[in-house]
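**Student:** Shown below is the structure under consideration.
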Amino acid sequence: MITELKTCFDNLKARLSELNNHLTTERPRHFYPMTGAERAINSEPLHWVNDHLSDLWYMNHEQDGRTTRSRHGVI
């Protein structure tokens, strides 16, 4: 069961990577509301779309495991 779960997770990561590459290459029309802090780090909205869509791990060792990053309005 653990092996099957790991395989599924690896497949998910691979598909998310494909999605990231597709979005970066195709640059579809989109709307992504960015915060001022996000604009200061990287002003490219697709960077943040890909970052949030593939957010499977904690961002750093200080992130509280009870919190999640959510973003509403990805269109």
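The values are calculated or read from the model by the stated rules, or taken from the named source; none is laboratory data. Everything numeric here is computed off the predicted structure, so don't read it as measured data. Please note: Cβ atoms are built from the backbone with ideal geometry, for glycine as well, and neighbour counts cover all protein chains shown.
**Student:** Here are the criteria: (1) at pLDDT below 80; (2) assigned to a helix (DSSP H, G or I). Tell me which single one A40 does not satisfy.
**Tutor:** For A40, the exception is condition (1).
**Student:** Still on this structure, I have one more. Against the condition at pLDDT 85 or above, surrounded by 10 or more Cβ atoms within 10 Å (Cβ to Cβ), charged (D, E, K, R) and within 11 Å of the chain's Cα centre (by Cα), how does K13 come out, does it pass?
**Tutor:** Against the criterion (at pLDDT 85 or above, surrounded by 10 or more Cβ atoms within 10 Å (Cβ to Cβ), charged (D, E, K, R) and within 11 Å of the chain's Cα centre (by Cα)), K13 qualifies.
**Student:** Name the residues in the range 16-43 that are surrounded by 15 or more Cβ atoms within 10 Å (Cβ to Cβ) and of a type in the set (D, E), would you?
**Tutor:** E38, the sole residue that qualifies.
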